[in-house]
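The values are calculated or read from the model by the stated rules, or taken from the named source; none is laboratory data. What you see is a predicted model, and the numbers here were worked out from it, not measured in a lab. Virtual Cβ from ideal backbone geometry, glycine too; neighbours counted across all protein chains shown.
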Amino acid sequence: MHLSSEEALDLIEARATEDQVRFWDAHLQSCSSCRKQLTDWKEMHTILKRESLESAPESAVRMAEAIFETPQESEPRGWRQLIASVVFDSFAQPALAGARGAGGNRQLLLSAEEFDIHIRLLGAGTERRLVGQVLSRGESAFLPGLQVHLLNENGRFETANVDSFGEFEFGEVPDGPLQLQIDLPRRLTITGSLDLDQ
């Protein structure tokens, strides 16, 4: 058994009990390693007690404290993230010869584990809207109360709430690469890329 830093400081600052003092006095007679450690701690203690020392500037104290603070995370620990893949894109399908109806609307289906995200892109240019629905294959009910985020290269562009039918809508869809992020219960997030400008 060797002298710890806490025990050395207890001896130096007279916080140790009489039994501890007797024990360490006897131990220090035969242990050169502990004697050296106690001497080093006494020197450090003397240096720190000098009256000529000044307090560190407040800015330096804040910087030192920040090192040991727990960083604010965008996602709490223990969250699981799933990447959704596009399993259907109407623009990737061959045109239906003689089909009736408006062909300008684009439909996509993203899937991740037991979750499906149905997406429809309506309009064109600056008038584009995106409507969708989040469904769980393992649940008989819809998933209301979720938040869906539309992300572009600058981060979150817009956030929509899912209604009682699992549906959501974004009234404006920017150009460029986009991602859809869905925050689900059970500390789960689904993220899927949308290449709507192809």
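Worth pointing out:
- Checking each residue in segment 140-168 for being farther than 22 Å from E114 by Cα and of a type outside the set (A, V, I, L, M) picks out N152, E153, N154, G155, R156, F157, E158, T159.
- The set of residues in segment 135-155 being closer than 20 Å to D195 by Cβ and surrounded by 15 or more Cβ atoms within 10 Å (Cβ to Cβ) consists of V148, H149, L150, L151, N152.
- Residue among E75, E51, E58 that alone is modelled with pLDDT under 85, within 30 Å of Q181 (Cα to Cα) and not assigned by TED's automatic domain parsing to the domain that holds P185: E75
- Output for segment 160-198, where each listed residue is hydrophobic (A, V, I, L, M, F, W, C), surrounded by fewer than 17 Cβ atoms within 10 Å (Cβ to Cβ) and closer than 13 Å to L82 by Cβ: L188
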